[in-house]
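K.L.:
Submitted below is the structure of interest, expressed as structure tokens.
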Amino acid sequence: MPRVFALLALLFCTVGAPAADAPKPEDFVTVQKGTLPIILSAPHGGRMKVPDVPERVGKGVTNFQTVLDSNTAELTEKLAAEIEKELKGKPWVVIARFERKIADVNRAPKDAYESDKAKPFYDAYHDALATACKTVKDKFGRGLLLDIHGQAVHLDAICRGTQNFKTVTLLKEREGFSAISGKYSVLGRMERNGYKVMPGGEEPNDTKEVPKFAGGHIVATYGSHTAYGIDAMQIELGSNFRTREKYPTTAKDLADSVRVFYDAYLKDAKK
Ligand SMILES: [Zn+2]
């Protein structure tokens, strides 16, 4: 009798286990609701393995990448905290904690994941980002989305990605190129603080962006050329700004630049 019981218990556990232990997407995406018209997104810094979700193999996928943008999740968290200190309000934050090996949220769905099990993780990221963009647009009428990435090509430079100003259409119409590359712009301020920015240089500056880093799916989906209407910029930080020793300083300097931009271009947005 005890043996039968044990067998039944084993069967029950085996059948019950997958549902009870299935990884929950919300445990693999950090989301912070904000009070400011500023949204931070970090799609490629995830370090967590997701049980039961197979890794992508990339067959037929354009621009297939599974490599981590190292320390961008940590840097974005620090950036959010520093912005809160500077502006006495919270930015909206969406950070992927799952590995890029299972889903790449900066790709269109067909190139982003291969397993039905990975789809809920992709959706959790984009649902949170879409909610942030809609709420900011409704509340303030405009907003800034910074999509934080890392690149290892120009180690000592930050590359700007707005699809050559397309994803910041409303900002450019309202304020001109200086709001994107001038002294009160986010990256213009970084440049003045000693960071090399590509493209950079004298304002007003309408120089073309580095093609490889000119802006991917996230800025293309939520940018101000779309119905979301949020000015969106991909920020590709060179490796030397993302080391364990350096990333807190980079985050602090970036927060200072966001404050300067906010004071010049966002402060008077409707409440
Ligand atoms: Zn990236």
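K.L.:
Please give the net charge around E236, taking every other residue with its beta carbon less than 14 angstrom from that of E236, where Lys and Arg add +1 and Asp and Glu add -1. Spell out each step's value before the answer.
P.N.:
Numbers: positive: R160, K196, K212, R242; negative: D69, D147, D156, E209.
Surrounding charge for E236 is 0.
K.L.:
Let me confirm the definition first: pairs of Lys residues in the range 96-243, 8 or more apart or on different chains, C-alpha distance under 16 Å. How many are there?
P.N.:
Lysine pairs meeting the criterion: 10.
K.L.:
Projected onto the charge dipole of the chain (+1 at Lys/Arg Cβ, -1 at Asp/Glu Cβ, origin at the Cα centre), which of S257, A80, T243 gives the Cα projection farthest towards the positive end?
P.N.:
Sorting the options by dipole projection puts first A80.
K.L.:
Same structure, new question: I'd like the Kirkwood hydrodynamic radius of the range 26-266, using the inverse of the mean 1/r over distinct C-alpha pairs, in Å. Intermediate results must be reported in sequence, preceding the final value.
P.N.:
Values: mean 1/r = 0.0568 Å⁻¹.
Hydrodynamic radius (Kirkwood, Cα only) of the range 26-266 equals 17.6 Å.
K.L.:
Something else about it: All other residues with a Cβ under 11 Å from the Cβ of P120 taken together, and with Lys, Arg as +1 and Asp, Glu as -1, what is their net charge? All intermediate terms of the calculation are to be shown ahead of the outcome.
P.N.:
On the way: positive: K24, K117, K119; negative: E26, D116, D123, D127.
Surrounding charge for P120 is -1.
K.L.:
Give the lysines whose C-alpha is closer than 19 Å to that of K85, dropping any in the same chain fewer than 8 places away, or say none.
P.N.:
Those lysines meeting the cut-off are K33, K252, K267.
K.L.:
Order these by the 10 Å Cβ neighbour count, fewest first: Y265, Y125.
P.N.:
Working: Y265 21, Y125 28.
Fewest-to-most Cβ neighbours within 10 Å comes out as Y265, Y125.
K.L.:
Same structure again: With +1 on the Cβ of every Lys and Arg and -1 on the Cβ of every Asp and Glu, and nothing else charged, how large is the dipole of the chain about its Cα centre, in debye rounded to the nearest 20?
P.N.:
Details: 40 positive and 35 negative charges, 59 e Å.
For the chain, the charge dipole is close to 280 debye.
K.L.:
Give a residue-ordered list of calculated ³J(HN,Hα) values for the range 119-133 (Karplus: 6.51 cos²θ - 1.76 cosθ + 1.60, θ = phi - 60°; whole Hz; x for Gly, Pro).
P.N.:
4, x, 6, 4, 5, 4, 5, 6, 4, 5, 5, 5, 4, 4, 5
K.L.:
Using the number of other C-beta atoms within 10 angstrom as an exposure proxy, rank M48, M198, M233 with the fewest first. Intermediate results must be reported in sequence, preceding the final value.
P.N.:
Details: M48 14, M198 20, M233 23.
Result, fewest neighbours first: M48, M198, M233.
K.L.:
With no solvent and one point on each alpha carbon, what is the Debye value of log10 I(q)/I(0) for the range 190-268 at q = 0.12, 0.18, 0.24 Å⁻¹?
P.N.:
-0.43, -1.01, -1.41
K.L.:
Fully extended, how many nm does the chain gain between D156 and K212 (0.36 nm per residue separation, minus their Cα-Cα distance)?
P.N.:
Details: separation 56, 0.36 × 56 = 20.16 nm, distance 1.62 nm.
Difference between extended and current length: 18.5 nm.
K.L.:
For the range 26-266, what relative contact order do you get, as a whole percent, if you take Cα pairs closer than 8 Å and at least 6 residues apart? Before the final figure, lay out the partial values.
P.N.:
Numbers: 535 pairs, mean separation 61.8, N = 241.
After rounding, I find 26 percent.
K.L.:
Next question, about the same structure. With springs connecting C-alpha atoms under 10 Å apart, model the chain as a Gaussian network and identify which of D69, D104, D206 has the largest mean-square fluctuation.
P.N.:
In this elastic network of the chain, the residue with the biggest mean-square fluctuation among D69, D104, D206 is D206.
K.L.:
Right, something else. Within a Cβ distance under 12 Å of W92, other residues only, what is the Lys/Arg minus Asp/Glu net charge? Kindly include the intermediate steps, with their values, before the conclusion.
P.N.:
Working: positive: K33, K90, K134, K137, K139; negative: E84.
In short, +4.
K.L.:
As a footprinting exposure proxy, order F140, F165, F241 by other Cβ within 10 Å, with the fewest listed first.
P.N.:
Result, fewest neighbours first: F140, F165, F241.
Each reported figure results from applying straightforward, stated rules to the coordinates on display, with no laboratory input. Worth saying up front: this structure is predicted, and the values here are computed from it rather than measured. Virtual Cβ from ideal backbone geometry, glycine too; neighbours counted across all protein chains shown.
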